[in-house]
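The values are calculated or read from the model by the stated rules, or taken from the named source; none is laboratory data. Predicted, not measured: the structure shown is a model, and the values here were computed from it. Please note: Cβ atoms are built from the backbone with ideal geometry, for glycine as well, and neighbour counts cover all protein chains shown. Remember, those area values only see protein heavy atoms, side chains included, never the ligands or the DNA or RNA. Shrake-Rupley method; radii C 1.70, N 1.55, O 1.52, S 1.80 Å.
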Amino acid sequence: MNLDERLQDVSVIGAAGKMGSGIAALISQEMLRLKLENPEKIYRLNLIDVNMSGLDGLRDYLRSQFLRTAEKTIVVLRKKYKDRADLVENAEIVDAYVNDGMKLLNFSTDLLTAKNSHLVFEAIIEDEKTKIKTYKALKKLVSKETFFLTNTSSIPIGYLDEKSGLDGRLIGYHFYNPPVVQKLVEVICAPQTKEELKGLASELGRRLRKTLVPANDISGFIGNGHFMRDGLFALDEVLRLKGKYKFYGAIYIMNRVSQDFLLRPMGIFQLIDYVGIDVFQCILKVMRTHLKDKTLKHKLIDKMIKAGIRGGQYSDGSQKDGFLKYDKNRPVGIYDLKNGEYFMITDEWKNKIDKQIGPLPEGFAPWKALLGDKNKDEKLKNHFRTLKQMNTMGAELALKYLKRTKEIAESLVKQKVANSADDVNAVLTNGFYWLYGPINEYV
Amino acid sequence: MAFLRKKIYACAGYNTVALGTGRKEFNPKKPRPGIEHYIKEAGLGAIEQIRNPENIDEGVIGNFIAERFCRQGNLGGFFPFVHPTFQYKPCIRVEGACDSGGLALVTSVKTILSDLADVVLCIGVEVQNTVKALYGADYLAAAGWYSGERKDGHAYFFPDKFSERAGAYMKKFGELKTREAMAQWYVNAIENARKNPKAQEYHNNNPDLFNTAMTKPDPNTFCEFLNVYDCSKVSDGASALIFASEEGLKKIGVDKKDAVEIVAFAQVQDNITTPPPDLTKLTTCEVAARRAYERAGIKPEDLSVLEVHDCFTIAGIMAIEAAGFAGHGEGADFVREGKTRSDGIIPTNTTGGLIGYGHPTGATGVRQAVDIVHQLLGKAGDCQVKIDPKRPYGMLSSMGGNDKTVVVMIFKKSE
């Protein structure tokens, strides 16, 4: 069974979630492409989730994604619909495309809906018991030829496959958030993963125009293998700094150092909030268990969860409060663990603490400005060179962080999580939108 | 009978800002002024320059397609909204695609020639940022032949029509020189717009305009021979101008020295259902210009300033040929050599043109007239070019559709 045949009936389990909806958007566009080329064939994308209202949101989201694609590709689309005499204006063609796309979709809260699928994407909660239970149930419903692609970001694939009895029909296919934007897919094969599935996964990646980076089947893989430890370092620094600057001051310092001094798209605590403090905690637990590494834990994370602060996003994509408090996705406050409430950032406080952090290197350009800059490499070199000559708290913390980040990345190669330094760098630049890989010559 | 059997003057010109991408105050996500705002701002902008608005006899408004962009028809009804003087007076809206403004000019002049009016307020308006460009392209495609051309046409119908022309011109006269001339046209447009605070490209501070304009076209997302810099932008804007007979000028209290004289015009129509006879030239524009020169009794070299309809850079180059400044195929070199710059042989589109000022379609013809009037009166601000007393004429050429509907008007500085 080739990919085109498998794409005639596909299911996404956990489709209403953040990752599931993104995967559904990508797959639905590819299925619609095939449908327009083969109008006589029937295509069905089953979008399954336990969350009924989430499915309503998903319907709106997928409609908006079809609309977006239609508007963006209208020049090509007019040619695809050239034989439809009734469609003349761009607006009519856009409507037709959106309608044709919506016709592919089958929303359901029942796993049974997946029974005819030959390709199943799983993007449910990052909990191995739930995943195994779901796979076991699916296995009974679908044909023996069905392939499964899991979006797990931490649970070893071989383990999941074995516990679910999938006989090599499972592959790790880890998209990054949001899947329609992020170029990266981390592909994880277990020793038993079937060759046909590996080939199919590469072909699909090409069609979705994703950058596929192979990671070995070690819990956390490359992405979380790096991110968790990177986050833990920042949390340790907070513990070290909080005596002098208070907890919220230390959070502010590390967040700002990672964003501005290290030129990342967002500060480390904003990123943890974005992912969800609960998700962060959950992934740490998975990794701690599978890697038998007790250091993969942090008391500040546990305290935040205990205080009921979880981060993550609302269904409309806006940011929930976490380490930071947000107003229209901009940080306006910082959680004060001691008092159990948010400390609101004032200009006066900010000026004072920024003064203690020290100035940014001369000629500083923010992440966004450097992203499309042709002379990005040269400017990054200058940035870090200048940083080294500065004797400020900000510069010192940044260089220490840069060094630690590199060590983490190098250990992923050493421990054979990644096959090469390039693969680690590819994950951080394509999946986390860093301007540079952690294994670099800046330190 | 002489072509113009009495003297007609234009005065009190006013242009609004051309709003759209590129202007700092433009935010596509925020609400913007509606079409009535533009009509009123431009109309009052003109009226406030005269002493006796009560003596205006009629209103003429040019607009292409507000029914679709703004869901608004019956635009004549906005004249009494602009000023109470229009209550129960004749007001009319005229349409001829992107030449709607041009048609508003000639309709105003003809109304005065008919002796039924001495003073006419002429407005042109279009508000286009109400929809995304691909839907706007649908609306603007109405300037072509819908049942004969649209289905097989490109998503960006008009850019593609002029891309075809650019391709044909390149094939016949040389690809590189044409491409460079188109880029130079863009450079001139932006440089002129930077001197015009009302221009859509006024805030453009790109340090390397020429190379930007040389961007390779991408037929998968746009057109085969045009990049986006070759195209005028999507704009909201309006312009207004008052036309008056000699008697009319007195009635509204405007001195002749503050007005310019209309010495000739030509209004020329081609068949919308037939393809252009020659893709490499603007045949109808050429006929119109020739006719206007004959009627005025002047030659191209008598002009000190020129306004052409550069909806696309290639249209600008061909319009220079159609206006008689360069032979067929020589327009590219003429532009490349800087002869259309504000310090060149024939300063052209001195306030930015359609590419630099913007192209609120129905307003454009009126905007061109306003700018010619300002130049001849020495009121063009930083855009002012030298008006040689031996060459006291300015000319505009306004085009609708694919060289289908054309108005050329020649103005002369009053004695």
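Using a 10 angstrom Cβ neighbour count of at most 12 plus a DSSP loop assignment to flag exposed GluC sites (Glu not before Pro), which longest range of chain A is free of such sites?
A:146-361
List the residues, sorted by chain then number, that are 5 or more residues from B:Gly401 or on another chain and whose placed amide H is less than 5 Å from its amide H.
HN-HN under 5 Å from B:Gly401: B:Cys98, B:Asp99.
So if we plug the beta-carbon distance of B:Thr273 and A:Arg209 into 1/(1 + (r/R0)^6) with R0 = 45 Å, what FRET efficiency do we get, rounded to 0.05?
0.55
Relative to the present Cα-Cα distance, how much length would full extension add between A:Glu37 and A:Lys376 at 0.36 nm per residue of separation?
My answer for the length gained is 117.9 nm.
In what sequence, largest accessible area first, do A:Lys388, B:Lys216 appear using a 1.4 Å probe?
Largest accessible area first, the residues go B:Lys216, A:Lys388.
Farthest toward the dipole's positive end in segment A:223-431, which of A:Gly276, A:Gly372, A:Pro265, given Cβ charges of +1 (Lys, Arg) and -1 (Asp, Glu) about the Cα centre?
Most positive-ward Cα: A:Gly276.
Given a 1.4 angstrom probe, what's the average accessible area per residue across segment A:227-294, in square angstrom?
34
Report B:Leu44's accessible area, 1.4 Å probe, all protein chains in place, as a number in Å² to the nearest 10.
50
Report the net charge of residues surrounding A:Thr386, where surrounding means a beta-carbon distance below 12 angstrom and charges are Lys +1, Arg +1, Asp -1, Glu -1.
Summing Lys/Arg as +1 and Asp/Glu as -1 gives +3.
Please sort through the DSSP H helices of chain A and keep those with an alpha-carbon extent of at least 24 Å along the long axis and a Kyte-Doolittle average not below 0.0.
Those that pass (Cα extent of 24 Å or more, hydropathy at least 0.0) are A:18-37.
Mind checking segment B:199-293 for chymotrypsin sites (Phe, Trp or Tyr not before Pro) that DSSP puts in a loop (not H, G, I, E or B) and that have at most 11 other Cβ atoms within 10 Å?
none
Only loop residues by DSSP count here, and only those with at most 15 other Cβ atoms within 10 Å; note down the GluC sites (Glu not before Pro) in segment B:197-271 that meet that.
Passing sites in segment B:197-271 are B:Glu224.
Report, to two decimal places, the Cα Rg of segment B:41-111 normalised by 2.2 N^0.38 Å (N = number of residues).
The value comes to 1.10.
Viscosity 0.692 mPa s, temperature 37 °C: what is the translational diffusion coefficient of segment A:223-431 from Stokes-Einstein with a Kirkwood Rh over Cα pairs, rounded to a whole number of µm²/s?
After rounding, the answer is 183 µm²/s.
Taking the Cα atoms of chain B, report the difference between the largest and smallest coordinate on each principal axis, in whole Å and largest first.
Result for chain B: principal-axis Cα extents of 56, 48, 42 Å.
Give the lysines whose C-alpha is closer than 24 Å to that of A:Lys129, dropping any in the same chain fewer than 8 places away, or say none.
A:Lys129 reaches A:Lys18, A:Lys115, A:Lys139, A:Lys140, A:Lys144, A:Lys163, A:Lys194, A:Lys285, A:Lys292, A:Lys294, A:Lys297, A:Lys306.
Once you sort the root eigenvalues of the Cα gyration tensor of chain A as a ≥ b ≥ c, which label holds: rounded (a/c under 1.5), prolate (a/b larger than b/c) or oblate (the other case)?
prolate
Any idea of the accessible area per residue across segment A:3-215, 1.4 Å probe, to the nearest Å²?
41
Could you please put A:Trp434, A:Trp367 in sequence from largest to smallest accessible area, using a 1.4 Å probe?
My answer, sorted largest first, is A:Trp367, A:Trp434.
So if we plug the beta-carbon distance of B:Arg32 and A:Lys403 into 1/(1 + (r/R0)^6) with R0 = 60 Å, what FRET efficiency do we get, rounded to 0.05?
0.75
Given the options A:Ala70, A:Ala421, A:Ala369, state which has the largest fluctuation in a GNM of chain A using a 10 Å cut-off (strictly under) for Cα springs.
Looking only at A:Ala70, A:Ala421, A:Ala369, the largest GNM fluctuation is found for A:Ala369.
Checking buried surface per residue: for segment B:115-139, which residues lose a minimum of 50 Å² accessible area in the protein assembly relative to the chain alone (1.4 Å probe)?
Buried-area filter returns B:Leu134, B:Tyr135, B:Asp138.
Expressed as a whole percentage, what fraction of the accessible surface of segment A:223-431 belongs to carbon and sulfur atoms when a 1.4 Å probe is rolled over the protein heavy atoms?
Solvent-exposed carbon and sulfur of segment A:223-431 make up 48 percent of the total.
Provide the gained length on full extension for the span A:Arg330 to A:Lys129, in nm with one decimal, where the gain is 0.36 nm per separating residue minus the Cα-Cα distance.
68.8 nm
Would you mind calculating the relative contact order of chain B from Cα pairs under 8 angstrom and at least 6 residues apart, reporting the percent as a whole number?
Normalised by residue count, the contact order of chain B is 27 percent.
Whole number please: convex hull volume per residue, Cα atoms of segment B:141-244, in Å³.
Hull volume over Cα atoms, normalised by residue count, gives 169 Å³.
Quote the relative contact order of chain A in percent (integer), defining contacts as alpha-carbon pairs under 8 Å separated by 6+ residues.
The value is 13 percent.
Counting only protein chains, not ligands or nucleic acids, how are B:Thr405, A:Thr346 ordered by accessible area (probe 1.4 Å), most first?
Most to least solvent-accessible, the answer reads A:Thr346, B:Thr405.
In whole Å and largest first, what semi-axes does the C-alpha gyration tensor of segment A:3-215 yield when each eigenvalue is scaled by 5 and square-rooted?
30, 17, 16
Using only protein heavy atoms and a 1.4 angstrom probe, determine the accessible area buried between A and B, summed over both sides, in Å² to the nearest 100.
Its buried surface, counting both partners, is about 1300 Å².
Who wins for biggest fluctuation among B:Arg71, B:Arg341, B:Arg179 in a Gaussian network model of chain B, springs between alpha carbons below 10 Å?
Fluctuation is largest for B:Arg71.
Give the calculated FRET efficiency between A:Arg240 and B:Glu224 to the nearest 0.05, with a Förster radius of 56 Å applied to their Cβ-Cβ distance.
0.35
Mind checking which aspartates and glutamates have their Cα closer than 19 Å to the Cα of B:Lys386? Skip sequence neighbours fewer than 8 apart in that chain.
Cα-Cα hits under 19 Å: B:Glu191, B:Asp258, B:Glu261, B:Glu301, B:Asp302, B:Glu307, B:Asp343, B:Asp371, B:Glu415.
Please list, by residue number, everything in segment A:179-199 whose backbone N is under 16 Å from a paramagnetic label point 7 Å out along Cα→Cβ of A:Lys144.
A:194, by backbone N distance to the label point.
Roughly what % of Cα-Cα distances in the protein assembly as shown sit above 57 Å, to the whole percent?
Here the long-distance tail beyond 57 Å is 26 percent of all Cα pairs in the protein assembly as shown.
In whole percent, and with a 1.4 Å probe on the protein chains, what portion of the accessible area of segment B:204-290 is carbon and sulfur?
53
Tell me the volume per residue, in Å³, of the convex hull enclosing the alpha carbons of segment B:1-125.
123
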